[in-house]
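One structure is given here, and the rest of the page talks about it.
Bear in mind that the values in this text are calculations on the coordinates, not laboratory data. Quick caveat, the model's predicted, so the values are computed rather than measured. Positions of Cβ are backbone-derived with ideal geometry, glycine not excepted, and every protein chain shown enters the neighbour counts.
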Amino acid sequence: MLHGPAAELGVDYASKKKKKLGLILFLCYAVIYASFVIIGLSYTELLGIKVIAGLNLAVVYGMGLIILAIVMGYIYSLICSYMEDKMEREANK
């Protein structure tokens, strides 16, 4: 018994814009992450400074990176959904 795809896959009119958005978000995250790595390699004593509620900069920065990745993923999903809907409506006119 063969099973086909659960949904029909059509043309993705927004693929170029989604690719560009993904690259922009990736580069933003990469710059922020690279600054964390540079601080860790060059200014290790800076990561030991207590900044919030007794937590040092390394923990706060690390958790911030994780939260930022989740938020950026959510933003990417929202924007891509909007672009797909908009471009599909325009293509079907």
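Using only Cα coordinates, the Kirkwood hydrodynamic radius of the chain works out to 16.5 Å. Rounded to the nearest 10 degrees, what's the angle between the helix 15-42 long axis and the longest principal axis of the chain, both from Cα atoms, 0 to 90? Computed tilt is about 10 degrees. Label-to-label distance for Y29 and E84 is 1.8 nm, based on points extended 7 Å past Cα in the beta-carbon direction. Close lysine pairs were tallied over the range 1-87: pairs 8 or more places apart or on different chains with Cα atoms under 26 Å apart number 5.
For the range 1-45, build the convex hull from the C-alpha positions and give me its volume per residue in Å³. Spell out each step's value before the answer.
Working: hull volume 5.9 nm³, N = 45.
Roughly 131 Å³ of hull volume per residue.
Fully extending the segment from I39 to V59 would add 5.9 nm, taking 0.36 nm per residue of separation and subtracting the current Cα-Cα distance. Computed 3J(HN,Hα) for the range 71-81, one whole-Hz value per residue from the Karplus formula 6.51 cos²θ - 1.76 cosθ + 1.60 where θ = phi - 60°, is 5, 5, x, 5, 4, 4, 4, 4, 5, 5, 4, glycine and proline marked x. For the chain, a crude dipole built from +1 on the beta carbon of Lys and Arg and -1 on the beta carbon of Asp and Glu, taken about the Cα centre, is about 220 debye to the nearest 20.
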